[in-house]
Amino acid sequence: MDEAARSIIRDAGYAGFFPHITGHGVGFAYHESLPKLAPGETGLLEEGMITSVEPGVYFKPCGGFRIGTTCW
């Protein structure tokens, strides 16, 4: 999932403006550490897991935008 988001941002020419992970687990705490949607992560998404998917592009010094959703 991380690479799918990154490839769209990269193909649009904004790869250098995407400095963070694509998403994270959602559970008892909003920012759960697993599953993590990030480069190099090897964990598997399993049925029943809830994650955020929120890729973002940021431009210094003015800010940026994120498009977020929760998937389960």
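Inside the stretch 35-52, can you point out the residues that are crowded, with 17+ Cβ neighbours inside 10 Å and of a type in the set (G, A, S)?
Hit for the stretch 35-52 is S52, nothing else.
Of all residues being part of a loop (DSSP other than H, G, I, E, B) and open to solvent by 80 Å² or more (accessible area, probe 1.4 Å) in the stretch 1-34, which is farthest from S52 (Cα to Cα)? Just the residue, please.
Result: Y14.
Does any residue of the stretch 53-64 turn out to be open to solvent by 40 Å² or more (accessible area, probe 1.4 Å), part of a helix (DSSP H, G or I) and either modelled with pLDDT of 90 or more or among the aromatic types (F, W, Y) (or both)?
Within the stretch 53-64 (the criterion being open to solvent by 40 Å² or more (accessible area, probe 1.4 Å), part of a helix (DSSP H, G or I) and either modelled with pLDDT of 90 or more or among the aromatic types (F, W, Y) (or both)), the answer is no, since none of the residues qualifies.
Taking E47 and the conditions (1) within 13 Å of the chain's Cα centre (by Cα); (2) over 12 Å from D2 (Cα atoms), which numbered condition does it fall short on, given that it satisfies the others?
(1)
One line per residue, one yes/no per condition, for (1) at pLDDT below 85; (2) at positive phi; (3) not β-branched (V, I, T):
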site	(1), (2), (3)
S33	yes, no, yes
P39	no, no, yes
I50	no, no, no
G68	yes, no, yes
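The values are calculated or read from the model by the stated rules, or taken from the named source; none is laboratory data. All values derive from a computational prediction rather than experimental measurement. All Cβ positions, even for glycine, are placed from backbone atoms using ideal geometry, and neighbour counts span all protein chains on display. Surface accessibility is based on the protein's heavy atoms, side chains included, excluding ligands, DNA and RNA. Shrake-Rupley method; radii C 1.70, N 1.55, O 1.52, S 1.80 Å.
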